Amino acid sequence: MKKIAFALLVALGLAALVWHLNLRDEADLAAPVPAIAVTPELLARGAYLARVGNCAACHTTRGGTPYAGGRGIDTPFGTVYSSNLTPDAQTGIGNWSPAEFWRALHNGRSKDGRLLYPAFPYTSYTAVTRADSDALYAYLHSLPATAQAATPHALRWPFSTQPALAVWRALYFQPGVLQPEPQQSAEWNRGAYLVRGLGHCGACHTARNALGASDDQLDLAGGLIPMQNWYAPALTSPHEAGVAGWQRADVVRLLQTGVAPGATVLGPMAEVVRQSTQHWSPADLAAAATYLQALPQSEAKVPARDLPPTPARVAERGAQLYEKHCVQCHGAQGQGVAGAYPALAGNRAVTMANTANLVQTVLNGGYAPATAGNPRPFGMPPYVLVLNDSDIAAVLTHIRSAWGNQAGAVTELDINRLRAN
C-alpha cells in the first residue's frame, strides 16, 4: 500500500507540474502582440540574427537544403534530430504563428504543446526578445518551403518521455528574457545578450551534470562537449580562454577571423567562427568582446611544485618524437612561426589542465576556419595512423614540460579514451 501511495503521489506531482507548465506557456500565447509588418529591413535583420544564433549549423544536413532539418545531434541519452524550419505547411513551420515560434524559443515548446529536448538550446534562447523572435520568424517564413518530414528521435527510455522532460525542466529551466544591468554600459549589456542568449556560448563553455543540465554556478567556466570530446575552455580563467588581459581588438579579431596574436580556434569553435561570428557586425563583435573581457577571472591552477616529475624514459622519447615530427613547424624552442604555426612555449592551450584538445589535434589534425579575414589558414595534419598511444602521450608530455611550460603529464589512458571515442 505504501508503494502504491508513493507512486500515486509522484504521479499527482508530475500532473500538477505539467499543468503548471501548460498554464505558464499558454499565458505567453495569449499575450496581445501587434501583427508583424514584414519589411526588407526586418527580413535582413532576421537573416542576421539567424547567423548570430548559428541556426543553420544544426538545422541543415550535410549537403542538404538550408534550414530543412534532419541533422542528428548526438547526446549521452541518444540522438536528437533537428526540425524543419522552412515554411512548408506540412513538415516545417508554415502553419506556425509568431506566438508559437516565440514560445518555442522562450519556453521550449512545439506548436502542439510538446516539450522540446534541450539539445535545442532554449535554455539560452529564452533570453531572446520578442522583437528578435519575430524578425527570425519573418526571415524563416521568407525562405523557399521544403517538404522534409522530421526524423524520429532515437533516445533511450525514460529520456524520450514527456514526463521526464517535465521533471528536467522543473529542476533546471526557468524562462525569462535577459534584463539589462543598469550599472553596466549599453555595450556590455548587448554583449551579455549575445553571449548568453542567441549566441548560446554557455551551451559548450559551461560544464553539464549527469542529466545534461548546465551548472549556472560555473557559467562559462569550461566544459567537455558531450559526444564530441572537445573541451570548451573556461572563459573565466586566464590559464584557459579568459581574455580579460587582452587588447579588445585582438578579441574581436579572434571571433572575426579565427586567429589572433597567440591564439587560433580549432575544432567545434572553428565551425562557430566560420558559420557565425565572422558574420557578426563590428558593433556586436565589440560588444561581445567587452562582455567577455569583463567576466570575473579565476586564478585556480595546479602549482608546478605539485606536479610529479616526468620519467626519464618518457621525457627522452617525447623529445625524440618532437624532433622528428614537430620541430619543422613549431621550432626547436617551441617558438612557432608568426602568422602560420602557433608557438607552443607559453601557450595556455598546451598547458591547461584538460588535455582533450591537444589529443584531438594530434590524432585528427588541427584546422583553423577559412574566413574572409583569414581565407587560407595553415593547418596541422593528423597523426592518428602515424603515432601510437604511447608516442602521443610522450610527445605531449614533452611539449607540456619544455621551454618553461609547467604542466602535468599526458597518459596513454588519456589518448586511448579519446581514440576509442
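Measuring spread by the Cα atoms of the range 153-218 yields a radius of gyration and Dmax of 15.2, 47 Å. Match the structure shown to one of the listed values [x] 43, 22, 19; [y] 41, 26, 21; [z] 35, 25, 21 of semi-axes √(5λ) of the Cα gyration tensor in Å, computed from it, and give that label. For semi-axes √(5λ) of the Cα gyration tensor in Å, the calculated option is [y]. How big is the gap, in Å, between the Cα center of the range 54-106 and the Cα center of the range 259-303? Taking the Cα centre of the range 259-303 as reference, the centre of the range 54-106 is 27 Å away. Taking every alpha-carbon pair under 8 Å whose residues sit at least 6 apart, the range 201-301 reaches a relative contact order of 23 percent.
For the chain, what is the relative contact order in percent, using Cα pairs closer than 8 Å and at least 6 residues apart in sequence?
Details: 681 pairs, mean separation 52.5, N = 421.
Averaging sequence separation for qualifying contacts and normalising by length gives 12 percent for the chain.
Taking each residue as 0.36 nm, the span from residue 390 to residue 156 lengthens on full extension beyond its C-alpha to C-alpha distance by 80.7 nm. For the range 56-190, a simple Cβ point-charge model (Lys and Arg +1, Asp and Glu -1, everything else neutral) yields a dipole of about 320 debye relative to the Cα centre.
For the chain, which whole-number percentage of the solvent-accessible area (1.4 Å probe, protein heavy atoms only) is attributable to carbon and sulfur atoms?
Numbers: 12680 of 21470 Å².
Carbon plus sulfur share of accessible area: 59 percent.
How much FRET efficiency would the formula 1/(1 + (r/R0)^6) give for residue 406 and residue 186, where r is the Cβ-Cβ distance and R0 is 45 Å, rounded to 0.05? For R0 = 45 Å, the calculated efficiency reads 0.60.
Positive-end ranking of 343, 171, 191 along the dipole of the chain, with charges on Cβ about the Cα centre, is headed by 171. Taking the C-alpha atoms only, the angle from helix 130-141 to the longest principal axis of the chain is near 90 degrees.
Using the Cα centre of the chain as origin and beta-carbon charges of +1 (Lys, Arg) and -1 (Asp, Glu), tell me which of 201, 262, 59 is placed farthest towards the positive end of the dipole. Looking along the dipole axis, the top candidate is 59.
Order 58-67, 132-141 from most to least packed using the mean count of other Cβ atoms within 10 Å. Please report the intermediate quantities before stating the final value.
Numbers: 58-67: 15.9, 132-141: 23.1.
The densest-packed peptide leads the list: 132-141, 58-67.
In this structure, residue 114 and residue 421 have a Cβ-Cβ separation that, at R0 = 25 Å, corresponds to a calculated FRET efficiency of about 0.20.
Our estimate of slack between residue 179 and residue 39, defined as 0.36 nm per intervening residue step minus the Cα-Cα distance, is 47.6 nm. So, in nm, how far is label residue 329 from label residue 227 when the simple model puts each one 7 Å beyond its Cα toward the Cβ? Going by the 7 Å Cα→Cβ label model, 2.9 nm. Label zone of residue 89 (point 7 Å out along Cα→Cβ, amide N under 20 Å): in the range 145-169 this covers 145-150.
Here residue 320 and residue 211 are evaluated by their C-beta separation; at R0 = 35 Å the FRET efficiency comes out at 0.15. Distance from the Cα centroid of the range 347-362 to that of the range 386-421 is 9 Å (rounded to whole angstrom).
The values are calculated or read from the model by the stated rules, or taken from the named source; none is laboratory data. Here the structure is a predicted model, which is why all the values come from computation and not from measurement. When we count neighbours, we look across all protein chains shown, and the Cβ atoms used for this are built from the backbone with ideal geometry, even at glycine. Surface areas here come from the heavy atoms of the whole protein model, side chains and all, with no ligands, DNA or RNA. Shrake-Rupley method; radii C 1.70, N 1.55, O 1.52, S 1.80 Å.
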